[in-house]
Structure formats: C-alpha cells, structure tokens
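This report refers to the structure that appears directly beneath it.
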Amino acid sequence: MHHAADEITSVEDAARKAITDNLFSPRFYTTDYAAMDALSVEPVRAEWDAMMAEYEGDNNHDHFQRDAGFADEALALSAKMSPELKQEFLDFLVSSLTSEFSGCVLYNEIKRNVSNPDIRQLMEYMARDESRHAGFLNSSLKDYGLGIDLGNLKRSKHYTYFKPKYIFYATYLSEKIGYARYIRIFRQFEKHPELRFHPIFRWFQRWCNDEFRHGESFALIMRAHPHLLRGGNVLWIRFFLLAVYATMYVRDHHRPELKQAMGLDPTSYDFDVFRITNEITRQVFPVLLDLDHPAFHANLERLTRCAARADEGKAAGGLAGGLKRAFWSVAAAAVFARMYFIPVKSNALPATTRLVPRW
Ligand SMILES: [Fe+2]
Ligand SMILES: [Fe+2]
C-alpha cells in the first residue's frame, strides 16, 4: 500500500528517507571500542590469516565500476517501470545505500578507535568494501537526480549504542542474510534475464561475495570467544535471528511489487533466503529457527497483518489513527513474543568455521 508521504520524488525525500529511523529502516551504530580493542583472534588464527589474505588480495577491486552503457540502460528500463515498481525500487536503493553506509561508518569508527592490529586491519578492509557498495548504489540514485549526501547522512542520522556482542550477532546476520538475498536474486535473473529491470543486478554475485566474507569475519570473532555462543547468550541469538527474519518478511510483504517484478513470490523468496541463511549460520550459532514449524509461517503472516493495520493507523492520523496504530503495534509485539517461544533446533558447531559462498 502506498502513501504520498512515503514517496521519493525529490532529492530531499531521498535524504529524509535515509535519515529517518523506523522499526524497519537500517540504523547506525556505535559500540564499546575498548572492548573491541581487547578482542583476541588467537584461537582461530589459521582461519583468520587465510581470510585476511583474501581481503588483501581484493578480488573485487575493479568490480564496482559502471560500464559505458549503464546509465542509459538504467534510464531506458526505468521508463518502462510502473510507478509502484519505480517507487519500490527507489526505496530499495535508498535503504540499501543506508545499510551499506551504516556498515562503512561503523567499521571506520571501530578502526579509528582501536590499536589491536587484527581488528584494525579487518575494519579497514570491510569499510573499504562497504564504501564501494554505498558509492555504487549512490551512482544509481544520481541517475535519477536523487543522490544522497553521505557526509550529511553521517552527521544527521541517530546512532544506536550496541554492546559488542549485539554488534556481532546483528551484523553477522545482516551480512549473511544480505548475501542470501542478493544471490537468490542473481540466480533468478541468470535464469530469466528478460525480467532484469535494472543493470545493477548484474553486479550482485561478486558484490554479495564481499558480504559473505564480512559475515565470515564475525563468525570467526564469535568462535574465538565461545562464551558468546553459550548460556544466556543463546537467548540473545534466538532474539536476533527472529528479529532479522521477521523484519525481512514484513518488509518484503509490505512492498511486494519488487519481488513480483523479479518473477519471485515474496513468501517463497523469503523462505529460500531463510533456508540459505540457516545453512550458513550452522558455522557459528548453536540454535537455528525451525522454519518448518507450522506456527512459524502462520505467525509471520499475522505479524505482517498487524504491521499493515498499524501502518494504516499511522497514515490515517488523528486520535483514532493513533489508537489504531498503538493497538496493532502491541498486537505485533505479542505475536513476536509468541514466535520467540517456538522451539528451536539445536546445532553442533563444526570443527572449522570457514565456508565458501556456494549458493
Ligand atoms: Fe556491503
Ligand atoms: Fe558487508
């Protein structure tokens, strides 16, 4: 459902969308830099050094450059998009850019605030990659005259403080689910090139291999600190898994045109992505969400309906709208809580952590 207030028709709209925080928008983070500085990767040294050699090799150094016809192709294809699809695509570009830039800012800030050589070097490589990703997305916004001023975004956005362990759980998951989302889309356009409605999707495979490697880095950090994967922390892992999966489901179902234009059904796309992510997270998490539990899908649907009702209330405004929004937000929280108690599957961690992106 579309509301005029949500639409991106000017560079100011794009900037406002990137800066404004809501439950489903990408956030910016700060953390405890002294604790980051104190991390040791000695328990995973061999795997760590192999990974750092990959970063140093930088096999994507020449990837994020647009070929000659990129802008023309983008504009010619955009002219054929329906207004709904165009809006969803712009929304996708803005929120992806915000999320890439969020990583870039966080990794840069950690790098600036630690002297630990392993963590500094890692953060420098990851910030390098995210800066390329953000710049590449911004070029596509600039084709429409909607480029975002990243310096202004960095200054204006609200920063949320997260303890390092929450950064690890949340960022690990967002890197890995980001990989799964992009590779699933890339595979779809490999099969159906006639559906590809923007040239940017041709870049997704090598792009998401960067995200995959970023996720590997956090997996190794967590495996080097096994207390993060035991005891009460398992409850946090469950929380982050569910929050990340549920957010994605609600968002993809709120704006389904983008997936439909790709020839994908949002529900099967999301479950494919969950299954890929579940397979990957076996490298580090002691629990996996039970995707096949009958209550899992049913409650995701309930959550989506609650979010839509809350959104209608917000759009209606006034006292009645406010009450409607409050009621359905509480209902959504109750559904989320119910989902939290769906039994999870336990997972024995493998002897070695590293995986190759084979999906
Ligand atoms: Fe990225
Ligand atoms: Fe990343």
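The values are calculated or read from the model by the stated rules, or taken from the named source; none is laboratory data. Quick caveat, the model's predicted, so the values are computed rather than measured. Note that we place each Cβ from the backbone using ideal geometry, even for glycine, and neighbour counts take in every protein chain shown. The protein model used for the area step is the full one, side chains on, heavy atoms only, and it has no ligands, DNA or RNA in it. Shrake-Rupley method; radii C 1.70, N 1.55, O 1.52, S 1.80 Å.
Here are the numbers:
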{"quantity": "Dipole in debye (nearest 20) - the chain, about Cα centre, beta carbon charges: Lys, Arg +1; Asp, Glu -1", "calculated": "960 debye"}
{"quantity": "Dipole-positive endmost among F240, F204, Q121 within the chain (Cβ charges, Cα centre)", "calculated": "F240"}
{"quantity": "Accessible-area order (highest first, 1.4 angstrom probe) of the listed residues R155, R255", "calculated": "R155, R255"}
{"quantity": "Which of K86, K176, K154 is most accessible, then next, and so on - probe 1.4 Å", "calculated": "K154, K86, K176"}
{"quantity": "Residue-normalised accessible area of the chain, given per residue in Å² at a 1.4 Å probe", "calculated": "43 Å²"}
{"quantity": "Contour excess over end-to-end distance, with Cα ends at F24 and Q65 and 0.36 nm allotted per residue", "calculated": "11.8 nm"}
{"quantity": "Sequence-separation-based contact order of the chain, relative, with Cα cut under 8 Å and 6+ spacing, percent", "calculated": "20 percent"}
{"quantity": "The range 224-359 - charge dipole about Cα centre, Lys and Arg +1 at Cβ, Asp and Glu -1, debye rounded to 20", "calculated": "340 debye"}
{"quantity": "Extreme residue, positive dipole direction of the chain, given options T160, F136, A332 (C-beta unit charges)", "calculated": "A332"}
{"quantity": "Relative contact order (%) - the range 222-315, alpha-carbon pairs under 8 angstrom, separation at least six", "calculated": "33 percent"}
{"quantity": "Whole-percent carbon and sulfur share, accessible surface of the chain, 1.4 Å", "calculated": "56 percent"}
{"quantity": "Estimated 222 nm signal from helices in the chain, with DSSP H stretches of n ≥ 4 weighted -39500 (n - 2.57), rounded to 500", "calculated": "-22500 deg cm²/dmol"}
{"quantity": "Between the range 1-57 and the range 153-232, the Cα center-to-center distance that results, in Å", "calculated": "9 Å"}
{"quantity": "Gained length - H192 relative to K80, 0.36 nm times residue gap less alpha-carbon distance", "calculated": "38.6 nm"}
{"quantity": "Sorted peptide list for 229-235, 287-293, criterion being average Cβ within 10 angstrom, highest first", "calculated": "287-293, 229-235"}
